[in-house]
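To start, the structure itself, in structure tokens.
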Amino acid sequence: MKRIVAVVDAVHFREEQLDAFQYVTWLLEGSLKVLLLENEASLAVPAEMWQPPAQIPPADLQILEEECRERGIQTTWQRGKGIALKEVVRESRFADLLLIDRNTSLSNLFPADVPGFIKDVPADAQCPVLVLPEGAGRFGEVVFTYNGSYSSVYAMKKFLQLFPRLGHEKATVIYVPEKGIPIIPNEQLLKEYLHLYFTEVTFVVLQGLPEVEIRKFLQEKEDAVAVMGAYGRNTFSRFFNPGNTRNLLRNLHVPVFITHP
């Protein structure tokens, strides 16, 4: 059984988010812990304007807990304490997968001058992270990013270890040459490896900046899950900097699985 930690906005959490949590928990045959982050933005304003952090009313939380029991989701609930990023990273050390709802990540939970939360969590988390868009449904295709590096193959392995039930779905590998060389590194070896899990594997070569071309490719997808681990820390940071992240996540309809060695 896998341990899943879902990071949610304690103010704007919706019952509909449980649909995606239930699906991922079923795929992993896991146990779900919901970490409710409370609104800490008020701590950045002058004292005379300070307001107590908003919370889910106990009655509403009880309804959500009951809904999880009815759905058969083994769930525990915990309110976040202290600095959100540190709390999330600490939880990730003892988790197999971290779930972040896209709207939660882009909400007004945090002051504008705080470094991008959605960028820092995947970079600092000590387990894989899955960013979920609104209304995320079944994963009908797996899209792997690949540049020949160890980190890109590591992400594939971690995803397949966590989601063996998706092995029969379609797999697409997207490669963006970083040095103008169109040849996919170790293509035959990668093809042999992925065919152990997928019956259909497609390789796609894109031209341009990785963070731009990957985003454009994924914007055309509806029922896929994207796996990120390629192109090194610098490109990873550019891809998930605050500006690019807002642009990326607001225009994508696919979950994004992110991990690194």
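The values are calculated or read from the model by the stated rules, or taken from the named source; none is laboratory data. Worth saying up front: this structure is predicted, and the values here are computed from it rather than measured. Neighbour counts run over all protein chains shown; Cβ positions are idealised from the backbone, glycine included. For the accessible areas, the whole protein counts, side chains as well, though only heavy atoms, and no ligand, DNA or RNA atoms are used. Shrake-Rupley method; radii C 1.70, N 1.55, O 1.52, S 1.80 Å.
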**Request:** Return the pairs, sorted by first residue and then second, in which the second residue is open to solvent by 40 Å² or more (accessible area, probe 1.4 Å) and of a type in the set (S, T, N, Q), the first residue lies in the stretch 187-205 and is under 24 Å from residue 215 (Cα atoms), the beta carbons are less than 6 Å apart, and the residues are 6+ apart or on different chains.
**Result:** none
**Item:** Breaking point among (1) modelled with pLDDT of 85 or more; (2) surrounded by fewer than 20 Cβ atoms within 10 Å (Cβ to Cβ), for residue 259
**Value:** (2)
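Would a scan of the stretch 179-195 turn up a residue that is within 27 Å of residue 95 (Cβ to Cβ) and at pLDDT 90 or above?
yes
Residue-by-condition table, conditions (1) under 23 Å from residue 98 (Cα atoms); (2) under 23 Å from the mean Cα position of the chain (by Cα); (3) not basic (Lys, Arg):
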position	(1), (2), (3)
163	yes, yes, yes
174	no, yes, yes
189	no, no, yes
198	no, yes, yes
205	no, no, yes
208	no, no, yes
216	no, yes, no
**Asked** Restricting the search to the stretch 145-166, which residues are open to solvent by less than 10 Å² (accessible area, probe 1.4 Å) and not aliphatic (A, V, I, L, M)?
**Response** 145, 146, 152, 159, 163
